[in-house]
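Worksheet for the structure shown next.
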Amino acid sequence: MSGNLLKTELMGIPMNTPVLTASGTFGFGEEFADFVDLSLLGGVMVKGTTWKPRRGNDGVRIAETPSGMLNCIGLENPGVEVFLRETLPRLAKYRMNVIVNISGTTVEEYGLLAEMLDVPGVAAIELNVSCPNVKDGGIVFGTDPKAAAAVVRAAKKWTKKPVILKLSPNVTDIVLMARAVEDAGADAISLINTLMGMEIDIHTWRPTLGNITGGLSGPCVKPVALRMVWQVAQAVKVPIIGMGGISSWQDAVEFFLAGASAVAVGTANFVNPHVTMEIIEGLESYLQEKKLSNIRELVGKVNCG
């Protein structure tokens, strides 16, 4: 890399590039150290972390689909205490921005996790609200504006770290959700999370996945993700981290033009562990070709007239 073409800042966090990795697709970052220069990434959104350890779902957890994949991992992780005690100290040597994705079963749990992660070495917190609130009859936080806003307020109360809210696409009005979490104090919005999907084995007549349904991701969701990023960018002032089907620098350019200030690469990491580096190189060449001095000059410049 040369110059400052891709240097940027998000929520006050300096970033060498605006290319991040999406939670659940890149482990804790260290697993990819042999394939990428982690310091070139804008940040690594680490594997979803919960208050207590989780073993994840039983049965088949991943199924390939046309141009994508279904997953129902079930947030398998060692829990926040192990992350703080063992994983976070190991990550310090990589000089990368560590963004911790957290999930809770109550509003109070999100506040607790945010407080525990308000420590050196954590750059920001991403709230995964695509999970049910056990205190409120199982309603999914991410499909109810009031519930999502309550989670943001709880996190903001207990941490000084920037708070990102990850929006679920499984809603009727994505703009309503975005405005609600912005009003609650979210420092940034990431979107989209996975779309709800299903596959059935025609030989056994049973669902392929052990959890019956799962999250759909990969290139097949990109048009939906791009549309939602564009819609939300018209409605909020906080920065947007665009994700959903990004597998090339050309995809990334589309998300910047739609209004994203940064992008996160997810499922493509499974196909090509070098993909983030290729996207960074491609973006730099594109900016040089267009004679632009910084990536920020692309943000929101789609011409819909």
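Readers should treat all values here as calculations from the given coordinates under stated rules, not as data from a laboratory. On a predicted model such as this, the values are computed, not experimentally measured, just so you know. Cβ atoms come from the backbone with ideal geometry, glycine included; neighbour counts cover every protein chain shown.
A few points about this structure:
- Within segment 265-302, the set of residues being of a type in the set (S, T, N, Q), farther than 12 Å from Ser248 by Cβ and surrounded by fewer than 16 Cβ atoms within 10 Å (Cβ to Cβ) comprises Ser285, Gln288, Ser293, Asn294.
- In the set (1) within 26 Å of Glu108 (Cα to Cα); (2) buried (at least 19 other Cβ atoms within 10 Å of the Cβ); (3) in contact with a strand residue (DSSP E or B) (Cβ under 6 Å, 6 or more places away or on another chain), Val221 fails one condition alone, (1).
- Criterion (assigned to a loop (DSSP other than H, G, I, E, B) and in contact with a Pro (Cβ under 8 Å, 6 or more places away or on another chain)) met by exactly one of Gly245, Gly185, Gly210: Gly245
- Residues in segment 193-207 that are in a loop (DSSP other than H, G, I, E, B) and over 20 Å from Thr172 (Cβ atoms): Glu199, Ile202, His203, Thr204, Trp205.
- If the condition is being more than 14 Å from Glu126 (Cβ to Cβ) and in a helix (DSSP H, G or I), then segment 153-180 contributes Arg153, Ala154, Lys157, Trp158, Ile174, Val175, Leu176, Met177, Ala178, Arg179, Ala180.
- Failed item, numbered, when Gln250 is tested on (1) within 20 Å of Leu283 (Cα to Cα); (2) crowded, with 18+ Cβ neighbours inside 10 Å: (2)
- Number of the exception - Thr17 against (1) outside any loop (DSSP other than H, G, I, E, B); (2) buried (at least 17 other Cβ atoms within 10 Å of the Cβ); (3) out of contact with any strand residue (DSSP E or B) (no Cβ under 7 Å at 6 or more places or on another chain): (1)
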